[in-house]
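The values are calculated or read from the model by the stated rules, or taken from the named source; none is laboratory data. Values in this document were obtained by computation on a predicted structure and should not be read as measured data. Cβ placement follows ideal geometry from the backbone for every residue including glycine, while neighbour counts extend to all protein chains displayed. Just the protein is used for accessible areas: all its heavy atoms, side chains included, with ligands, DNA and RNA removed. Shrake-Rupley method; radii C 1.70, N 1.55, O 1.52, S 1.80 Å.
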Amino acid sequence: MRTLAIIFALFITGFTSNAQETAKDTTGTISVEILNVTSDNGKMVYGIYTQESFMKKPVFSKNAKIENGKSVVTFTDVPKGEYAIICFHDKNDNDKMDFETNGMPQEDYGVSNNKLNPFGPPVWNDGKFTFDGHEKVITIRL
């Protein structure tokens with residue numbers, strides 16, 4: 001009976017310890033860097049999307065300055081999961097992506113994995129990546 005009590009106590013202690021470790025590791029940071037911005041005018045607009053929110057409303061969003069053709073942003077407390085990132089150079093600082101009358105974008109944009117669809121907007125499967133809840137750095141080319 002005593003052995004059973006010790007095993008039970010060890011099980012409970014191990015379970016509590018593992019639960020605490022799991023709770024610590026459920027969120028992390030995703031840093032995104034753009035190294036080839038054509039000018040320092042305006043700002044970079046970043047959005048992190050899930051499959052359900054893709055090309056609609058990002059689950060996380062930020063704006064960042066551009067200095068010497070480079071822009072970097074860090075998202076904190078991002079839960080582990082599957083995401084895609086879309087960013088664009090808001091050259092005229094009007095908080096939206098501008099388009100020609102034929103639907104072509106007037107401002108440079110990029111997507112995670114750097115796979116742009118040559119025949120239309122970004123595609124979820126091209127931009128998706130798995131985030132393990134720790135730390136990830138993503139470089140996007142415009």
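Straight-line cross-link reach from K70 at under 24 Å between alpha-carbon atoms covers these lysines, not counting any fewer than eight positions away in the same chain: K43, K62, K91, K96, K115, K128, K136. So for the range 28-110, considering every pair of alpha-carbon atoms, how many percent are separated by more than 15 Å? Within the range 28-110, distances greater than 15 Å cover 57 percent of Cα pairs.
Per-residue Karplus couplings for the range 83-88, computed as 6.51 cos²θ - 1.76 cosθ + 1.60 with θ equal to phi - 60°, are listed in order as 9, 9, 10, 10, 9, 8 Hz, Gly and Pro entered as x.
Taking a straight line from the alpha carbon of K65, these aspartates and glutamates sit under 14 Å away, with near neighbours fewer than eight places off in the same chain left out: E33, D40, D90, D93, D95. If R0 is 30 Å, the Cβ-Cβ spacing of N114 and H134 corresponds to a FRET efficiency of close to 0.85.
Among the trypsin sites (Lys or Arg not before Pro) in the range 100-141, those placed in a DSSP loop whose Cβ has at most 15 other Cβ atoms within 10 Å are K115, R141. Working ranking of peptides 42-55, 96-109 by packing, defined as the average number of other Cβ atoms within 10 Å per residue, highest first, is 42-55, 96-109. Accessible surface area normalised per residue over the range 56-109 is 63 Å², counting heavy atoms of protein chains with a 1.4 Å rolling probe.
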